[in-house]
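Peer 1: Following this message is one structure expressed as C-alpha cells.
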Amino acid sequence: MKALLLLSGLGILGIVSEILNFKKYIYKLTIVGLILTLGITFLEWDNPAPLQFSNMVNFDNLAISFIAVLVVTAILWFLTSAPIFDDSEHIADKTTLILFALVGAVCMVSYHNVTMLFIGIEILSICMYVMAGSKKGDLASNESSMKYFLMGAFATGFLLMGIAFIYGATATFDLAEIKMYMENSPEHLELVYTGITLLVIGLSFKISAVPFHFWAPDVYDGAPIQVTSLMSTIVKTAAIAAFYKLFTVSFASQSIAWECTLSYIAGITIILGNLIAVFQSSAKRMLAYSGISHAGYLLLAILANNTSGGNALVYYTLAYSVATIAAFAIIALVLQAKGDTNFSSFEGLGKKNPLLALATILSMLSLAGIPPFAGFFGKYYLFTSYLENHGIGLVVVALIGSAISIYYYFRLIVTMFKGESEEVIPISGTVKLVLILCILITVALGIFPELLNGGW
Amino acid sequence: MGTLQAIPLNHYILVSVILFSIGVMGVLLRRNAIIIFMCIELMLNAVNLLMVAFSAHHGDGSGQVFVFFIMAVAAAEVAVGLSILIMMHRNTNTTDVGFLNKLKF
Amino acid sequence: METPISYVPILIQLAVALGFVVTTIIATHFLGPKRKTKKKLDPFECGIESSGNARVPYSVRYFLTAILFVLFDVEVIFMYPWAVNFKALGLTGLLEMFLFIGLLLLGFFYVIKKGALKWEDNN
C-alpha cells in the first residue's frame, strides 16, 4: 500500500514541480523516488493484513512481487529513456504521465475489487494514449495514439459489459465474494458465462492476444521507441497480472466457461505472433510481434489455474521485461545513429561495439528461451505449472512457437556480425549502466533460478 | 427487491444489450472518428443502464457507485480522445479514420 | 408481473414529451403573426449584417476550454453521494473531500501554469 501512496505522491510532485518551477530536477527526483519505492515495497512482505482501504486492494506477496517487477522495470526504463525527457518544456508532463501510468499498473496488480481493476486499467491506458502521441508533429505517432485510443476504449466497453453481467449474477464486486458465489453452484449461469466471455474478450484486447491483436503492431511501431518499450513491458505485465488474478481467484471454479476459449487464444497467439515476426524487416516491428507471441506464453499461467502459475508469471514477466528493455534500448541507440530500425542498419555493429553486441546476444537468447538464461527458466516454469493439471497439447504448440522464434531472434544477432561497419555507436553512461544491469539480471536469474521461484 | 420492479429485469438487460450492440456495430462500421467516439459512449452508457438496473434489482448500492466511476472515467477518456483528434486534425485536416494507413502490416 | 401495463408510466412520459413539442410547434404556427419581408427572412447576428461562411474552423482555444470544462464539471458527480451521506461520513469524509478538491485544484493550477487558458498571444 505504501508503494501505491508513494508512487501517487511522486506523480503529484511532478505536477507541483511544474507549478513551482523546479521541473529540471524532476527526472532525478523520480529515479530516487522509484528506488525508494522498491525498498519500501519489500518492507510489506508477508503483510499480516493484506486487505486495505475497505477491502479495495490486496497487497499479498504475489501483488508485492508484481509491484517489484513493475518498479524495477520502471527504473531501468527511466534510465534508458533520457532522450524523451530532453525537451525541457514537457519534461514534467511526461514524467508525471509515466508515474501515473505506474500507479494504474500497481492498482491492476493489487486490486481486490473489480472497481479498482477498472480504475487501474483506465489510469494506465489514458496515460499511455497520451504518451503514444507525444511526438506531436509526427503522423505515425498521431496514428498510433489514435488507434490505441479507439481500440483501448472499445476494449474497455467489452470489459465493463462483462463486469456488469458478473455483477448482475453475484451482486458484488469483491473478488472473494465472487469466488464464493462461483463455488456454491451459481443459479444465474447464463449471466456468469456471458460475463466471463466478455471479460476474456476485453482483457485479451489489453494484452494483445490473437485475434484481438490487430492494433498492437501499428501502435507499437508508430509510438516513439521509448514508449513502445514501456508498452511492451509495464503495460503487458500489469494486464497479464490483472487477467491472472481475476480468473484464478474469482473464476477458478467455473473454468469450464473459459478454459477452452483461452487455450485456443493462447495457441493461436503463440503460433501466429511468431510466424508473422519472421517476416518483418524492421527490428522494432519484429519485437512488437514477438511481444504478441509472449502474451500467448503468459496465458499458459492463467490456464494452469494454480499458484505455481503465479510464481511462473512473476519470473517470466521479470525476465521478459528486462530483456525487452535492453533490446529496445539498443534499437533506440541504432535509431539515433542510423535513422531507422531496419535490420540492415544493424549490419556489422557487433564488431566495433562489444557491449552492444553482448547485450543484444543475451537479451535475444533470453527472449528466445535458450538455456541457461532467464527466459529459458521463465518458459520452463510456465510449462511445468501448466502441466500440473493439463495435457501436453498446448505445451507442444508453445515449443513449436519457440522454435520458430529462435529464427528471428538469431537473425538480429547474425546481422550484427555480418558485413563491415567501422561505426562506433556512442553509448551514454546511464544506458551503459542499464545494459550491464540487464545482462547481470538475465544471467543471474538464469544461473540461480531458485532466487525468485521461492515460496510464496 | 427494489422499487423499480414493475418492469421485469429481462427487459432492462435486453435494452442494454441492444444499445451495446448498436455501439459495437457503429465502432466497426463508421469511418468518422467523432462518430466512433459517440458509439463508444453508447457502449458505456449501455453498461451504465445495465449496472443501475442490476443495482436496483439487488438493492445494492455498489453498482451505482461503479456507474459514477464509469462516468468520470468516460469524461477523462473523451477529453484525451478529443485532444488526440485535434492533434490529428491539425496534421491532416480530416477526422476520417481512413487516413490511418501509414503503418501497414 | 410481466404485463404491458408496467410500461404505462413510460408511455405517459413519452406522450407528454412528444405532445409538448408538437403542441408548441403547432400553436406558435397559428398564434404568431407572419410578416414575410426580405429583412425578416435574413439570417442575423444581433442586428449586425452577417458576413462570410459560418463553417470556418474555430480557434483551438475553444476546444481546449471546452474539454477542460468537461473534465472539471464531471468530477462534481462524486460530491452528490458525499453530500447525501455527509453526516454519516463525518470528519473523515470532509477531510477526504478536501483532499479530492485539493488534487483537482492542483490540476487547475497546472492548467493555468501551462497557459492552456490564455486567450492572448494566440498561435
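The values are calculated or read from the model by the stated rules, or taken from the named source; none is laboratory data. No experiment lies behind these values; they were computed from the predicted model shown. As a convention, Cβ positions derive from the backbone with ideal geometry for all residues, glycine included, and neighbour counts pool all protein chains shown.
Peer 1: Looking at A:S345, is it part of a loop (DSSP other than H, G, I, E, B) and hydroxyl-bearing (S, T, Y)?
Peer 2: no
Peer 1: Something else now. Looking at region A:1-17, which of its residues are over 22 Å from the mean Cα position of the chain (by Cα), surrounded by fewer than 20 Cβ atoms within 10 Å (Cβ to Cβ) and within 10 Å of chain C (Cβ to nearest Cβ)?
Peer 2: Listed by number, the residues that qualify are A:I12, A:V16.
Peer 1: Taking the condition of a type outside the set (V, I, T), touching a Ser or Thr at 6+ places or on another chain (Cβ under 7 Å) and crowded, with 21+ Cβ neighbours inside 10 Å, does A:A283 pass? Show your work before the answer.
Peer 2: Numbers: of a type outside the set (V, I, T): yes; touching a Ser or Thr at 6+ places or on another chain (Cβ under 7 Å): yes; crowded, with 21+ Cβ neighbours inside 10 Å: yes.
For A:A283, the condition - of a type outside the set (V, I, T), touching a Ser or Thr at 6+ places or on another chain (Cβ under 7 Å) and crowded, with 21+ Cβ neighbours inside 10 Å - is met.
Peer 1: Still on this structure: For the subset of region A:352-391 comprising residues that are surrounded by fewer than 16 Cβ atoms within 10 Å (Cβ to Cβ) and within 30 Å of A:E423 (Cα to Cα), which member is nearest to the chain's Cα centre (by Cα)?
Peer 2: Here the residue is A:L358.
Peer 1: Can you tell me which residue is farthest from A:F78 (Cα to Cα) among those in region A:396-449 that are assigned to a helix (DSSP H, G or I) and polar (S, T, N, Q)?
Peer 2: A:S402
Peer 1: A follow-up question, please. Please verify whether A:T194 is in contact (Cβ under 8 Å) with a residue 24 or more places away in the chain, more than 7 Å from chain B (Cβ to nearest Cβ) and on the phi < 0 side of the Ramachandran plot, treating the condition exactly as stated.
Peer 2: Criteria met by A:T194.
Peer 1: Using beta carbons and a limit of 7 Å, which pairs, at least six apart or on different chains, have the first residue in region A:40-66 and of a type in the set (A, V, I, L, M) and the second one in a loop (DSSP other than H, G, I, E, B)?
Peer 2: Once the first residue is of a type in the set (A, V, I, L, M) and sits in region A:40-66, its partners that are in a loop (DSSP other than H, G, I, E, B) give A:L51/A:H112; A:M56/A:H112; A:V57/A:M1; A:V57/A:H112; A:L62/A:W456; A:I64/A:E44; A:I64/A:W45.
Peer 1: From the list B:A33, B:A53, exactly one residue is facing chain A (nearest Cβ under 9 Å) and modelled with pLDDT under 90. Which is it?
Peer 2: Going through B:A33, B:A53 in turn, just one is facing chain A (nearest Cβ under 9 Å) and modelled with pLDDT under 90: B:A33.
Peer 1: Please specify each residue of region C:75-123 satisfying the condition of being farther than 30 Å from A:N21 by Cβ and either within 14 Å of chain B (Cβ to nearest Cβ) or not in a helix (DSSP H, G or I) (or both).
Peer 2: C:V76, C:I77, C:F78, C:M79, C:Y80, C:P81, C:W82, C:A83, C:V84, C:N85, C:A88, C:L89
Peer 1: Continuing with the same structure: Just checking, how many residues over region B:36-50 are under 15 Å from A:L159 (Cβ atoms) and facing another protein chain (nearest Cβ under 7 Å)?
Peer 2: 5
Peer 1: Right, here's the next one. Can you find a residue in region A:153-175 that is away from chain B (no Cβ under 11 Å), among the β-branched types (V, I, T) and touching a residue at least 40 places away in the same chain (Cβ under 8 Å)?
Peer 2: Step one: filter region A:153-175 for residues away from chain B (no Cβ under 11 Å), giving A:175.
Then keep just the ones that are among the β-branched types (V, I, T); that gives none.
Scanning region A:153-175, I find no residue that is away from chain B (no Cβ under 11 Å), among the β-branched types (V, I, T) and touching a residue at least 40 places away in the same chain (Cβ under 8 Å), so the answer is no.
Peer 1: Here is a further query. Can you name the number of the only condition in (1) without any contact (Cβ under 8 Å) to a residue 40 or more places away in the chain; (2) surrounded by 22 or more Cβ atoms within 10 Å (Cβ to Cβ) that A:M180 fails?
Peer 2: Going through the list (1) without any contact (Cβ under 8 Å) to a residue 40 or more places away in the chain; (2) surrounded by 22 or more Cβ atoms within 10 Å (Cβ to Cβ), A:M180 breaks only (2).
Peer 1: If B:N10 satisfies every condition in (1) closer than 30 Å to A:M286 by Cβ; (2) in a helix (DSSP H, G or I); (3) modelled with pLDDT under 90 but one, which is the exception?
Peer 2: (1)
Peer 1: Shifting gears a bit: Please determine whether any residue of region A:186-193 is within 15 Å of A:V235 (Cβ to Cβ), surrounded by 22 or more Cβ atoms within 10 Å (Cβ to Cβ) and aliphatic (A, V, I, L, M).
Peer 2: No, region A:186-193 contains no residue that is within 15 Å of A:V235 (Cβ to Cβ), surrounded by 22 or more Cβ atoms within 10 Å (Cβ to Cβ) and aliphatic (A, V, I, L, M).
Peer 1: I'd like to know if region A:228-235 contains one or more residues that are under 19 Å from the mean Cα position of the chain (by Cα) and within 14 Å of another protein chain (Cβ to nearest Cβ).
Peer 2: Within region A:228-235, the first condition is being under 19 Å from the mean Cα position of the chain (by Cα), and the residues that meet it are A:228-235.
Pick out the ones that are also within 14 Å of another protein chain (Cβ to nearest Cβ) and you get A:228.
Yes, region A:228-235 contains at least one residue that is under 19 Å from the mean Cα position of the chain (by Cα) and within 14 Å of another protein chain (Cβ to nearest Cβ).
Peer 1: Still on this structure, I have one more. Only residues in region B:59-79 that are at the interface with chain C (Cβ under 10 Å from one of its Cβ atoms) count as the first member; pair them with residues that are not hydrophobic (A, V, I, L, M, F, W, C), Cβ under 6 angstrom, at least 6 apart or cross-chain, and list the lot.
Peer 2: B:Q64/B:S55; B:V67/B:N48; B:V73/A:E122
Listed here are the residues, each with its yes/no results for (1) farther than 23 Å from A:L99 by Cα; (2) of a type in the set (K, R); (3) buried (at least 18 other Cβ atoms within 10 Å of the Cβ).
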{"site": "A:V235", "(1), (2), (3)": "no, no, yes"}
{"site": "A:A239", "(1), (2), (3)": "no, no, yes"}
{"site": "A:F243", "(1), (2), (3)": "no, no, yes"}
{"site": "A:F251", "(1), (2), (3)": "yes, no, yes"}
{"site": "A:I256", "(1), (2), (3)": "yes, no, no"}
{"site": "A:C260", "(1), (2), (3)": "yes, no, no"}
{"site": "A:A266", "(1), (2), (3)": "yes, no, yes"}
{"site": "A:G273", "(1), (2), (3)": "yes, no, yes"}
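Peer 1: Report yes if some residue within region B:23-40 is in contact (Cβ under 8 Å) with a residue 60 or more places away in the chain, loosely packed, with under 15 Cβ neighbours inside 10 Å, at negative phi and not basic (K, R); otherwise report no.
Peer 2: Checked against the condition, which is being in contact (Cβ under 8 Å) with a residue 60 or more places away in the chain, loosely packed, with under 15 Cβ neighbours inside 10 Å, at negative phi and not basic (K, R), region B:23-40 yields at least one hit.
Peer 1: Checking the structure you have, find out if any residue of region A:44-51 is modelled with pLDDT under 90, assigned to a loop (DSSP other than H, G, I, E, B) and within 14 Å of another protein chain (Cβ to nearest Cβ).
Peer 2: no
Peer 1: Scan region A:197-215 and report the pairs whose first residue is closer than 18 Å to A:A252 by Cα and whose second residue is aliphatic (A, V, I, L, M) and assigned to a loop (DSSP other than H, G, I, E, B), with Cβ atoms within less than 9 Å and a gap of 6+ or a chain change.
Peer 2: These pairs meet every condition: A:L203/A:A209; A:S204/A:V210.
Peer 1: Take A:Y220 and decide whether it is farther than 16 Å from A:G291 by Cβ, at pLDDT 90 or above and among the hydroxyl-bearing types (S, T, Y).
Peer 2: So A:Y220 fails the test.
Peer 1: Since A:L349 meets every condition but one in (1) surrounded by 24 or more Cβ atoms within 10 Å (Cβ to Cβ); (2) modelled with pLDDT of 90 or more, which condition does it not meet?
Peer 2: All conditions pass for A:L349, except number (2).
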